[in-house]
Amino acid sequence: MPNITKRFVESAKPKPGQADSVYFDDKLSGFGLRVKENPAPTIEARRYVRSFLIQYRNLMGTSTRLTLGRYPAMTAEAARRQAKIKLGAVEEGKDPAQEIREARGAMTVKGFCAEYLEAANNRLIPGKGGKPKKASTIAIDKGRISRHIEPLLGKKAVRDVTHSDVATFFEEVARGRTAADIKTGKRGRAIVKGGIGTAKRVVGLLGSIFSYAILKGLREDNPVHGLKRPADGKREHRLDLDGYRALGAALAKAESEGENPAAIAAVKLLALTGCRLNEIAALRHSEIDRKRQSLRLADSKEGGSVRPLSAAALRVIDGLPDALKGQRHVLPGETKGKPYSALPK
């Protein structure tokens, strides 16, 4: 058996022929390291997942394993200290795993939302297409949790939330109970809106949170399932030929009046490419494939994406003022290295 030190942890791999292995410490009985292959390794995520654990027999004689934490968030030294405390409690007749289950049974929605966000940041929560959620999506989730979910459901125990509670929550968000105008800094503001659209998106997130609660053993059902959500009246307006003429005239007028050339170019590119607003605002020169006349977006809503790029759109990019050229982003902002950020306004 090995001595579970930092050096051993960093070099540990699953045993030959196994995708998941446990190594027990040669000095502290019951203290172990679990090493398993990461099914989706990336630059940010390691090839192997390494977690510290203890194994013991409770008063009923049942062999029990309890995970202490994951490396590198928990160091080998900290894990060893925790293992000594937990194993010492076992010697006194306690069952650490049962105590944790009881504590988690009383966990509030607010407390579990924090755990959900931590898991998302560790790339453990799937987003669209089964891929880990992007940082921008997690930031939106965090805002929806703090501004809608926590004020209305935060104090309830995860296990006690009912389908009726979720239906009431949906109605209250739709009616605007959580709407607010929040000051976020010296000049910043967060306009928190209500409405059917907001309620649908927040309840969708709530469903994901409760699915994770099932995975963690806190519930057996998802109280969001079966909730009927009314249509939010999506607008399907498309510009016709006259509409494009009017848009062109408005842009020409804005240009003659000295409007920001980045803003004018952004609107033209939105009209000529069909890209989303944030895709154009954050567009980089490295994503422009002139040979194939396409945009190869590295970070769109669907992940990597290829979009056609017309000759007219290329002319807009090539016609940008010299002051905007030679930078990382096609539409640079005032801060060096940052994209133009005022497009939504």
Response to the item:
For the stretch 183-225 the number of residues that are open to solvent by less than 40 Å² (accessible area, probe 1.4 Å), at pLDDT below 90 and in a loop (DSSP other than H, G, I, E, B) is 6
Worksheet item: All but one of (1) surrounded by 14 or more Cβ atoms within 10 Å (Cβ to Cβ); (2) under 20 Å from Arg229 (Cβ atoms) hold for Glu171; which doesn't?
Response: (1)
Practice prompt. Name the single residue, out of those in the stretch 1-35 being aliphatic (A, V, I, L, M) and closer than 20 Å to Ile85 by Cα, that is most open to solvent (accessible area, probe 1.4 Å).
Written response: Leu28
Fill in: Residue check, Pro96 closer than 26 Å to Tyr212 by Cα and open to solvent by 70 Å² or more (accessible area, probe 1.4 Å)
no
Worksheet item: For Pro261, which of the numbered conditions (1) out of contact with any Pro (no Cβ under 6 Å at 6 or more places or on another chain); (2) under 29 Å from Val330 (Cβ atoms); (3) of a type outside the set (Gly, Ala, Ser) fails to hold?
Response: (1)
Practice prompt. Determine if the stretch 38-52 includes at least one residue that is β-branched (Val, Ile, Thr), in contact with a strand residue (DSSP E or B) (Cβ under 6 Å, 6 or more places away or on another chain) and at pLDDT 95 or above.
Written response: no
Worksheet item: Can you name the number of the only condition in (1) at positive phi; (2) crowded, with 17+ Cβ neighbours inside 10 Å that Gly258 fails?
Response: (2)
Worksheet item: Pick from the stretch 327-345 the residues that are in contact with a helix residue (DSSP H, G or I) (Cβ under 9 Å, 6 or more places away or on another chain) and closer than 16 Å to Ser286 by Cα: which of them is modelled with the highest pLDDT?
Response: His329
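The values are calculated or read from the model by the stated rules, or taken from the named source; none is laboratory data. Model, not experiment: these values are computed from the prediction. So basically every Cβ, Gly included, is an ideal-geometry build from the backbone, and we count neighbours across all protein chains shown. What goes into the accessible areas is simple: the full protein's heavy atoms, side chains included, and nothing from ligands, DNA or RNA. Shrake-Rupley method; radii C 1.70, N 1.55, O 1.52, S 1.80 Å.
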